[in-house]
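The structure's right below; bear with me while I get my questions together.
The values are calculated or read from the model by the stated rules, or taken from the named source; none is laboratory data. Predicted model only: the values in this text are computed from it and were never measured. Note: ideal-geometry Cβ built from the backbone for every residue, glycine included; neighbour counts use all protein chains shown. For accessibility, only protein heavy atoms count, side chains too; no ligands or nucleic acids. Shrake-Rupley method; radii C 1.70, N 1.55, O 1.52, S 1.80 Å.
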Amino acid sequence: MWARHLSREVLLAVVEGGGDVPDREHVERCERCRRDVDALRATLAAVRDVEVPEPSPLFWDHLSARISQSIADEEAPASAARTVGVPAWRSGLWLTGVATAVALAVMVTWQPADRSTLATLSVPNGEAGWDAEATAVEQGDTGWEFLVNLAVVAEEESWGELVGGVQPGMADRALQALSDAERTALIGLLETEMRQPGS
Amino acid sequence: MEEAGGLAATWPGLEPAHAARPEAGRGPVRDHESHDGVETSPGLEHLDDVTLVDAVRSGGREAFDLLVVRHRRAVYQVCYRFTGNHEDASDLSQEVFLRAYRGLTSFKGSAAFATWLYRIAVNACLSRSAGQKPQADVLDPDRHVDTAHVAADVALARSRMAARVRAAVAQLPRKQRATVILRVYHDLPHEQIAKVLGSSVGAVKANFFHAVRNLRRLLGEAEN
């Protein structure tokens, strides 16, 4: 019989493989302390044996990407492209697709009324450029008018971002990203343009 | 499926409390090897955490990406220990790093970045778990135990025991639960745990002792 048993702090130290030599010797001789130590060790061993299931190897990179994206989302200024219900990337691609496709269509089909109009329009430089556009509209040039209207609409949807972000291959990607409804709308726009006199 | 390796050294920059453990042969997986999802500059990889934090404060976002790569496994494991399921652990891990990013200005560097991150993780987990019971993943021996090398009955017994232990840990009072998770599964020294939890070392030791005793009682009850 021992007059004094080990404190919980010392017991814990012994359980975790520490403790002073006299304390460990005490545990060897004292049945009650030894029972305590054995029970605590068994509990700890059972608890320690439970491991976290390893997630998919792809998970770690996915987690990093999510974190990076959430930080970027927080830092990015509220963009006009983020219209209600339409993700920003989708909105940008849609506009890029429309603008590029229409520009291509107009370039292929549009015949200027006369060379003087072409000369006026060929160098849209600052305010002079917009004056030239006004001239073209006044002259009833529907192809250019269509582009001007499109530009006005697109400007409201962050045209600057759109033009600045155009990269090779973006039009193809944008067209592939369009939904059926968006694709139908684009075809409608192009067909309308193609039906214009002089196309 | 391969289980997570020994957790002792999963948190870089922290010395494990035990030099050797029974599962010491299964070393931790270093996350630096693969991070295709977010490219980090190779030039940053030799920098320590504090230097990377300074770089982030100076506008170097990619330095934070590298901090994430270094610490994501440990953060996820802490979160998993608290929540008991992958989905919540994944969401919480993201939240922890987001909180860390927002709060980098408050990181003074007096403690290790890992300790600071642990504190955020534990606080986030405790906030999330307040008034909410952990939802353990559906018992799936194939997922939790390497059945290729263990007989089916042994695997099932281990899986059941694991479920009982998780349930018992989930029943512990908050600080006891946090202490057990940080001490047993992450091998943090008592002093480090005290810093994480904002307690004294004595309080941590007392919490740990009571936690283990409570676990012993809870596991005994579950057995009976």
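Which residue pairs have Cβ atoms closer than 6 Å, lie 6 or more positions apart in sequence or on different chains, and pair a first residue in the stretch B:188-210 that is within 14 Å of chain A (Cβ to nearest Cβ) and over 17 Å from B:A121 (Cβ atoms) with a second residue that is open to solvent by 30 Å² or more (accessible area, probe 1.4 Å) and among the small types (G, A, S)?
B:P189/B:A17
Quickly run through the stretch A:1-31 and pick out the residues that are in contact (Cβ under 8 Å) with a residue 24 or more places away in the chain and either more than 9 Å from chain B (Cβ to nearest Cβ) or touching a strand residue (DSSP E or B) at 6+ places or on another chain (Cβ under 6 Å) (or both).
Residues satisfying the conditions are A:W2, A:H5, A:L6, A:H26, A:R29, A:C30.
Of the residues that sit in the stretch B:87-128 and are polar (S, T, N, Q), farther than 18 Å from B:S199 by Cβ and open to solvent by 20 Å² or more (accessible area, probe 1.4 Å), which one is farthest from the other protein chains (Cβ to nearest Cβ)?
Going residue by residue through the stretch B:87-128, those that are polar (S, T, N, Q) are B:90, B:93-94, B:105-106, B:110, B:115, B:123, B:127.
Retained after the next criterion (residues that are farther than 18 Å from B:S199 by Cβ): B:90, B:93-94, B:105-106.
When the remaining residues are screened for being open to solvent by 20 Å² or more (accessible area, probe 1.4 Å), the result is B:94, B:105-106.
Numbers: B:Q94: 5, B:T105: 14, B:S106: 17 Å.
Only one residue fits best here, namely B:S106.
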